[in-house]
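Read-outs: derived from the displayed coordinates by stated rules, not from any lab. All values derive from a computational prediction rather than experimental measurement. Because the Cβ atoms are built from the backbone with ideal geometry, glycine has one as well, and the counts that use them run over all protein chains shown.
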Amino acid sequence: MERASHKERQAETARDAGWSGPAIGLLDLDAFFASVEQLDHPEWRGRPVIVGGSPERRGVVSTASYEARRLGVHSAMPSWQAVRLCPNAIWTRGNFPRYRELSRKVMSRIADETPLVEQVSIDEAFFDITPGRFSNENPLDICLRLQRRVDELGISCSIGLGVNKTVAKIASERRKPHGLSVVLPGSEKDFLAPLSVRSMSGIGSSSERRLAKMGIHTLAELAAADEERLSLAFGVTGPRLRLRASGAERNAIRSLAEPEEAKSVSNERTFARDLRTREELEAAIDHVGAVVGSRLRKRSLRGRRVTLKLRLDLDHGRSAQRHLSHPTDDEHVFCALAKELLDGIWAEGQGVRLVGVGLAEFGEEESCQLELFSDVTAREAQGEARARRDLRELSIVADQVRERFGSTALGWGRDLRLGGLGSDTPALNGAGVPGGGTP
């Protein structure tokens, strides 16, 4: 009742004030995976539900119902810790086809209100409902209608509304679950000023520490910071952080038909026990790299910058990068380079719990100038090129088999070497929009 009264007061205030300028909303589905499980299992309603991997296999929490959150459980928490906090929770690995189905229905309802919908994860989307662009209706009334239509699906959402993405995102977190927070045009600077820098997306623990060393703790202090000093500390990102903290940012919302251009494609996997031999690590690189290659080919992308990521324990990780001579989408090429990177960040016998491989700096494949070689060398180079093409063609066939018969329809010897070492935490990046967050 209190939330309804708050919404009614906001609606009345917004109608009296009118809305001038951009109106950007952020719709965030509340504890989405767990809420869907409670919808599909009525006997679980009112009980703590956790979607994630098991403690025995180094699983982590994907999402938790609000009953579990009240006991301290949160997304990305190690499962063993969640079990201690909430020993009576109902655990499930999740039903991702069902989550995708409901996500599509929600996005369709947003698209009924505006064609400018930018989905950022399976459970979040920005949308532009600026008056006069597609409707003259008050933006807050549109948000109220959206919430009711999501309610009809048996789940709930929280919405933040403001003049830009930063304000809308922060506002959406203010009154969860089933909340609606509106920051009227002209009040965004006052809304942001007292908040911690960490409340703004894009500022993680590392950036927070660097800002604290500069005497910057709040968004007001960040908005007033010297631009040159921020540039020295954060590069081109520094001035953008300052602009966002001031509330002066202005965003264009891409439509659903205009997907975001990828900046990198990566995959990582946590293992139930530490990998300690080079054979195991190389098999792991091949395993996660094959997923990266498949995603690259699906999106017609080729990259030059290869990144290898290792996590030694929960608090310590290492990474290394190197450039290929030409862009590729072939895991046989970029995984070979990733294996070379091992020597700089890993020593034989050292335990590794997570392996990740990524590719970035996308471009078109370049042709080789074989005329520069001698006849013998040219023949060798042509033979190597043919062998690489054959391996890539094999990967394409494997892609097609898995697309038709499922991801487990075809496996390689390297996967058998890894045995059952993988964590059983659900793969979130396969559940929704590429690059999406955790619900």
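Between residue 347 and residue 201, what FRET efficiency comes out of the Förster formula 1/(1 + (r/R0)^6) with R0 = 35 Å and r the beta carbon distance, rounded to 0.05? Walk me through the numbers on the way to the answer.
On the way: r = 36 Å, r/R0 = 1.04.
The pair residue 201/residue 347 has a calculated efficiency of 0.45.
For 140, 39, 281, what ranking results if the residue with the fewest other Cβ atoms within 10 Å of its Cβ goes first?
Numbers: 140 24, 39 15, 281 21.
Neighbour counts put them in this order, fewest first: 39, 281, 140.
Net charge near residue 49, counting Lys/Arg +1 and Asp/Glu -1 over other residues with Cβ under 10 Å of its Cβ? Show your work: numbers first, answer last.
On the way: positive: 45, 47; negative: 37, 67.
Every neighbour counted, the sum reads 0.
For 62, 158, 199, which order do you get if you count the other beta carbons within 10 Å of each Cβ and list the fewest first? Before the final figure, lay out the partial values.
Values: 62 25, 158 22, 199 16.
Placing the least packed residue first, the sequence is 199, 158, 62.
Restricted to Cα positions, what overall size does the range 101-155 have along the principal axes? Three whole-Å values, descending.
Computed over the range 101-155, the largest-to-smallest principal extents equal 32, 21, 13 Å.
Compute the Rg/Rh shape ratio of the range 1-186: radius of gyration over Kirkwood radius, all on alpha-carbon atoms.
Values: Rg = 17.5 Å, Rh = 17.3 Å.
Looking at the range 1-186, the ratio lands at 1.02.
Obtain the nm distance between the two label points defined at residue 56 and residue 77 by a simple spin-label model: each point lies 7 Å from its Cα along the Cα-to-C-beta direction.
2.2 nm
Once you place label points 7 Å from the Cα toward the Cβ at residue 237 and residue 213, how far apart are they in nm?
Result: 1.4 nm between the two label points.
Rounded to the nearest 0.05, what FRET efficiency do residue 152 and residue 20 give with R0 = 35 Å and r taken as the Cβ-Cβ distance? Could you check?
Numbers: r = 32 Å, r/R0 = 0.90.
The pair residue 152/residue 20 has a calculated efficiency of 0.65.
Which whole-number percentage describes the relative contact order of the range 1-186, with Cα contacts under 8 Å and a sequence gap of 6 or more? Walk me through the intermediate numbers first.
Numbers: 345 pairs, mean separation 52.2, N = 186.
Relative contact order, the range 1-186: 28 percent.
What nm value, rounded to one decimal, do you get for the distance between residue 101 and residue 221 when each label is placed 7 Å out toward the C-beta?
Output for this residue pair reads 5.0 nm.
Which ordering of 323, 178, 287 is given by a fewest-first count of other beta-carbon atoms within 10 Å?
On the way: 323 13, 178 17, 287 23.
Sorted ascending by nearby Cβ count, the order is 323, 178, 287.
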